[in-house]
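Each value in this text was obtained by applying a stated rule to the coordinates, not by laboratory testing. Owing to the predicted nature of the structure, the values given are computational and were not obtained by experimental measurement. Cβ: placed from backbone, ideal geometry, glycine included. Neighbour counts: every protein chain shown.
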Amino acid sequence: MATATTIPEFFANTISTFIAESDMGLSAIIGSMMFNTLGVAACASLFTKKPIQIDWWPITRDSILFSINIVILVTFAWDGVIMWWESCILVTLYVGYWILMFQNPRIKKFVKHIVEDKLMWCQRIKNYDIANQRPYSLKPFVENGVTRQLSNNSQISVENGNTENFKPYYNQGFDASSVSINVIEFSFDDRRKSFDINSIDPPIIPRSAAERRKSTDLSIVYAEVEEEEYGLWEIPKGVGYFNIFWFFFTWPIKFLLQYTIPNPITHKKWYIVSFIMCIIWIGGVSYLVFWMVVIIGDTFGIPDAVMGLTFLAFGGCMPEAISAVIVARQGSGQMGVSNALGANNLAILFSLGLPWFIRTMVDGAGFNDAQIRIFSSGIEFTIMTLLIAVAILYISMAAAGYKLRKTVGLFLGIGYVFLATFAILVELNVLFVPEGC
């Protein structure tokens, strides 16, 4: 998911490196990383219906990796040029990042054992059911056909007396010393008789679009999948004026996408073509947006770096912000925050590193001492603000017990406005005047 959201930034830097030869791609990625760090978490926190508990490990892992990547990028960009061997290091770190992510389950298990079991930190999160957003329940539950129950002076029924892999459920006021463990063995026939699949009523499946819009039961599984709620050649009826306007406004886009990208649901064998066409469309749209932003900045006399930090960065970050708000409203903010921080790491190593690597290789690499020149005089200070953004995010989340709250969102939002203003003033040469001016 994080890789998909970095594709527009990759194309923006590719266009900036090979065609425009400006700093707009670099500035756009820096602005996107700043918004992903503070803005996405702020949006998710402000739009939550109630505080959302998140796991401490993903945000800690991504914050550490992001901080390391920022330090590396500041070091490379400090002299105003990116050498060919520096781009090689970024690409190598990109490969190493994926290797690290594949080993994440083992690393997570080891680190959590040290932090939670030996150091006894983050105990409240350890005893919290993050998936269901509640403390571990003491009510009866069934696991692998075995009934287990926990409460004060109650019993635990464990099959064959195996309690090695059993994790007690947590609740305030729970006294572990009052729990007795009784072994109850069930035969296969007894377990089979206790559950009759024929006794389950089949779900009611609404077929029409109107019935689906009225349905609020998210557990319903639809048997039929329609490509569009309203067909491409079907004008909506019985809806408001805004829906009719939106239908005609988006009709050209729907027309182009429907006849250029095979639907992977109905044409499963063409999924590779669908993937390639999506990449082509993202590249084309990125070029149009880049070109429009350059024209607007040139018309009003705004530097390319400032346009990249603001308009181009906001456009690239909207998918992360919208997805974070949606999952936060559904009571699960873990994915939105983790996706944003993961995208930041890929933005440095992939969206910046790969285009720079290709360009320096084309220019001759070590034979011609190839390099990428950075024209902005204060870009290194702007990059350094990302370290402050990471510190603000992690300290505020740790102080709030790794919970997304509205107060945390307000604090992160204020921090983002302050750092974004600082970065813009730096690029406008208001705070740091370059030599010779």
- Based on the alpha carbon coordinates of the stretch 1-98, what radius of gyration and maximum Cα-Cα distance (Dmax) apply, in Å? 15.9, 49
- Within the stretch 370-396, which residues have the backbone N less than 15 Å from the label spot 7 Å out from Trp78 along Cα→beta-carbon, could you tell me? 379-385
- Note on the structure: Sequence order, the stretch 93-101: Karplus ³J(HN,Hα) from phi using 6.51 cos²θ - 1.76 cosθ + 1.60, θ = phi - 60°, Hz rounded, Gly and Pro as x, gives 5, 5, 5, x, 4, 5, 4, 5, 5
- Note on the structure: Counting sequence-distant residues (5 or more places) and residues on other chains, those with an amide H built under 5 Å from that of Met83 are Ile372
- Item | Cα-Cα over 28 Å, subset of Lys237/Lys268; Lys112/Lys403; Lys108/Lys403 | Lys237/Lys268
- Rg (Å, one decimal) plus Dmax (Å, integer) for the alpha carbons of the stretch 273-376? 17.3, 55
- Modelled FRET efficiency - R0 56 Å, Asp363 with Lys237, Cβ distances, 0.05 increments: 0.40
- Hey, rough spin-label estimate for Phe249 and Thr3, points 7 angstrom out along Cα→Cβ, what's it come to in nanometres? 3.4
